[in-house]
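Only one structure is covered here, and it is reproduced in the block below.
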Amino acid sequence: MMSRRIGRQTVMLKNAPGVTAWASVAGQKEHDGPYGALFDAVISDELNGESSFEAAERSILEKAIKLCALKANRKLDEVQMLLAGDLLNQIISAGFAARNLAIPFYGLYGACSTMSESLSLGSMIADGGFADRMICATCSHFCTAERQYRAPLELGNQRTPTAQWTVTGAGAVMVSSGAAARQDRIALTHTTCGRVIDLGITDQNNMGAAMAPAAADTLTAHFDDTGRGFDDFDLVVTGDLGILGRELLIRLLDEKGIRVKEERLFDCGSEIFAKRQDTHCGGSGCGCAASMLCAHILPQLYTGRLKRVLFMATGALLSPTTTMQGESIPGVAHAVVFEHREEIPG
Amino acid sequence: MSNDYAARYQAMVSRLAPKSDMLNGILRAFFVGGLICMIGQAINDLYNYGMCLGADATAAATSITLIVISALLTGVGVYDRIGKFAGAGSIVPITGFANSVIAPAMEFRREGLVMGVGAKLFTLAGPVLVYGISSSVIVGLIVCLLK
C-alpha cells in the first residue's frame with residue numbers, strides 16, 4: 001500500500017474526499033458584523049428559545065448540523081458519523097446535540113481548533129473509506145464561554161485591550177467519500193496534524209499570543225512537508241488569532257524565513273466583527289472559524305473564486321483551573337487543504 | 001522550544017500588544033467614581049438633615065440605598081455598561097461591591113438556589129470579605145493591645 005504520509009506531520013488524501021454541503025448559524029452580534037448577510041441562519045435571541053445559555057448553544061449546533069444535512073439532501077440517518085466538539089466542560093454541547101440527532105458520534109476537544117481538528121480526522125476517515133459521509137461540526141456561545149472562563153455577564157468590569165469576543169455561532173461540514181464524492185466541487189487534499197506549542201504566555205486574555213506560535217509551527221510543517229508556500233494558496237485561513245495574534249503569526253513566520261503575503265492571510269477572528277463593534281482584538285471561539293468557513297470560504301471554493309485554501313483553526317488548551325494555578329497556555333493548530341474541483345464532464 | 005526563544009517571543013508580545021489608555025481610564029474613573037460618591041453624599045444629607053435620622057442610621061440607610069440602586073442597575077443590565085466606561089470608578093465604591101454579588105447571583109440562578117446562587121454568590125466578593133474582615137480583626141487586636 002502506498003503510504004499517504006508525506007514529511008513529518010502531513011497526510012496526503014489520495015482519494016480526495018469531497019465536501020458535499022456546509023451550513024452556518026450565527027448570533028445577532030455576528031449578524032451585525034461585516035459578514036452578517038452570509039450566514040445561513042441567525043438566532044436573534046441569545047437564549048434561542050431555550051431555558052439556559054448551554055441549551056441555546058447546543059441548539060445552534062443542532063441547527064447547523066440539520067441544515068447541513070438538508071442542504072446535502074440527506075436524512076440524518078444517512079449520516080454515518082458525527083465528529084464534533086465545543087468549548088464547554090465535558091463538551092456538553094456536542095454530546096447533548098448528538099443525543100438528539102442520533103448520529104454515531106465521536107466527541108472531540110481541540111478548543112477553538114475543533115473545526116480543523118474534526119475536518120482533519122474526518123477527511124482521513126473518508127479517505128480510508130471508513131465512512132461514506134459524515135458531518136464535522138462545532139459551535140460556541142458568548143454567554144456560556146464568559147461564565148466558564150471569565151466573569152458573570154452583568155459584572156461591571158473592563159475587558160483588556162488584547163481580549164477577544166467569543167462568537168455565538170456554529171458550523172457544520174459534510175465530508176463524503178467514494179464515487180459520489182467525486183461529484184463534489186470541493187475536495188480535501190491534505191491534512192497536517194499540529195503539535196502543541198507553548199511559549200509561556202500566561203495571560204488568558206491574550207489568546208492570540210498563546211496560539212500564534214502553534215499556527216506558525218503547523219504552517220511551517222505543512223510547507224516543509226509539501227514543498228508548498230504562500231504562493232500556492234489563494235488563501236491561508238486561520239481561526240481566531242485575532243488582530244494581535246495575526247500580527248504575531250506574520251512575524252514568527254518571517255523569523256522562520258517564510259514571507260507572508262498579507263492579502264492571502266485571512267484570520268476569521270480579525271474579520272468577523274467590525275471595528276465599531278468594539279470587540280478589542282476580534283472574535284474567538286470554536287464557532288468563529290466554523291461559521292466563517294461555512295459562510296464565507298466554502299462558498300467561494302465551490303464557485304471557483306478560490307482554487308486552493310489552507311484552513312487552520314487554532315486552539316488554546318487551557319482551563320480556568322490551569323490559569324489559576326499559574327500555568328502557561330499551550331496552543332495547537334491543525335491544517336486541512338481544500339481545493340476547488342472543476343465539474344467532471346458527463 | 002528553548003527558554004531563550006520563549007523569552008524573546010514574550011518580549012515581542014508585550015511590545016506589540018495594544019495598551020490600555022491609562023490617562024483616559026484614570027479620568028473616567030475619577031469623574032464617575034466622584035459622581036457616585038457625590039450622589040451618596042446627597043442621599044446622606046437627605047437622610048441626615050431632611051429626615052433627621054441621626055449619624056448611625058443615616059450611614060446605614062445611605063449604604064442600603066446605594067446598594068439597592070446598584071442592584072437595580074445590575075438587574076436591568078446597565079451597571080456593566082457603566083463599568084465598561086468607568087472601570088475602577090464604578091468598581092471601588094459600595095455600588096461595585098453590590099454589583100459583584102448581584103451579577104453571580106443572576107448568572108447562577110439556573111443552577112438552583114442552593115448550589116447555584118447559594119454557592120456562587122460570593123465567588124467575586126468572597127476574597128474581599130475574607131481578607132477585609134481578617135485584616136480588620138488583626139488591626140482591631142493591635143489597637144486593643146496598644147490601649
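Details
- Cα lying deepest toward the dipole's positive end in chain A, options A:140, A:10, A:318, charges on Cβ: A:10
- For residue A:97, neighbours were defined as the other residues whose beta-carbon sits under 15 Å from its Cβ, and their charges (Lys and Arg +1, Asp and Glu -1) total -1.
- In the stretch A:15-176, taking the dipole from charged Cβ atoms about the Cα centre, the farthest positive-side position among A:93, A:27, A:103 is held by A:103.
- Taking the chain by itself as reference, the stretch A:132-148 contains these residues with an accessible-area loss of 30 Å² or more in the full protein complex (1.4 Å probe, heavy atoms): A:147.
- Net charge of the neighbourhood of residue A:237, taken over other residues with C-beta under 12 Å away and scored Lys/Arg +1, Asp/Glu -1, is -1.
- Relative contact order of chain B, taken over Cα pairs closer than 8 Å and 6 or more residues apart, is 19 percent.
- Considering only chain A, percent of DSSP beta bridges that pair antiparallel, nearest 5: 65 percent
- Alpha carbon convex hull of the protein assembly as shown, volume per residue in cubic angstrom: 180 Å³
- Shape class for the stretch A:264-327, computed from the alpha carbon gyration tensor (a ≥ b ≥ c): prolate, with a/c not under 1.5 and a/b above b/c.
- Computed over protein heavy atoms with a 1.4 angstrom probe, the accessible surface ordering of B:147, A:75, largest first, is B:147, A:75.
- Compared with the dominant principal axis of the Cα atoms in chain B, helix B:126-146 is inclined by about 60°.
- Take each residue of peptide A:208-216, count the partner chain Cβ atoms within 10 Å of its Cβ, and average: the result is 2.
- Delta accessible area of at least 30 Å² on complex formation, residues of the stretch B:12-28, 1.4 Å probe, chain isolated as reference: B:12, B:13, B:16, B:18
- Peptide-level mean, for B:70-79, of C-beta atoms on other protein chains within 10 Å: 2
- Selected from A:80, A:67, A:43, residue furthest toward positive end of dipole (the stretch A:26-85; charges at beta carbon): A:80
- Normalised per residue, the volume of the convex hull around the Cα set of the stretch A:15-176 (Å³): 120 Å³
- Whether the stretch A:161-310 is rounded, prolate or oblate, judged on the alpha carbon gyration tensor where a/c under 1.5 counts as rounded: oblate
- Cα point-scatterer Debye curve for chain B, base-10 log of I(q)/I(0) at q = 0.13 Å⁻¹: -0.85
- The stretch B:21-107: C-alpha gyration tensor shape, a/c 1.5 cut-off, then a/b vs b/c: oblate
- Accessible area (Å², per residue) of the protein assembly as shown, counting only protein heavy atoms and a probe of 1.4 Å: 45 Å²
- Within-14-Å neighbourhood charge of residue A:155 [Cβ basis; K, R +1; D, E -1]: +2
- Equivalent-ellipsoid semi-axes of the stretch A:232-346, from the Cα gyration tensor, Å, largest first: 28, 16, 15
- With contacts taken as Cα pairs under 8 Å at a separation of at least 6 residues, the stretch A:108-217 carries a relative contact order of 28 percent.
- GNM remark for chain B: springs join alpha carbons under 10 Å apart, and the peak mean-square fluctuation among B:40, B:50, B:25 falls on B:50.
- Chain B: most fluctuating residue of B:17, B:71, B:61 per GNM, C-alpha cutoff 10 Å: B:17
- The stretch B:1-71: trypsin sites (Lys or Arg not before Pro) in DSSP loop, at most 13 other beta carbons within 10 Å: B:19
- The stretch A:247-290, Rg to Rh (Cα coordinates; Rh as Kirkwood inverse mean 1/r): 1.05
- Considering helices alone, the calculated mean residue ellipticity of chain B at 222 nm is -23500 deg cm²/dmol, with DSSP H runs of length four and up weighted by -39500 (n - 2.57) and normalised per residue.
The values are calculated or read from the model by the stated rules, or taken from the named source; none is laboratory data. Note that the coordinates shown come from a computational prediction; the quantities given were computed from them, not determined experimentally. No Cβ is skipped: glycine too gets one built from the backbone with ideal geometry, and neighbour counts run over all protein chains shown. Please note that ligands, DNA and RNA were not included when accessible areas were found on the heavy atoms of the full protein model with its side chains. Shrake-Rupley method; radii C 1.70, N 1.55, O 1.52, S 1.80 Å.
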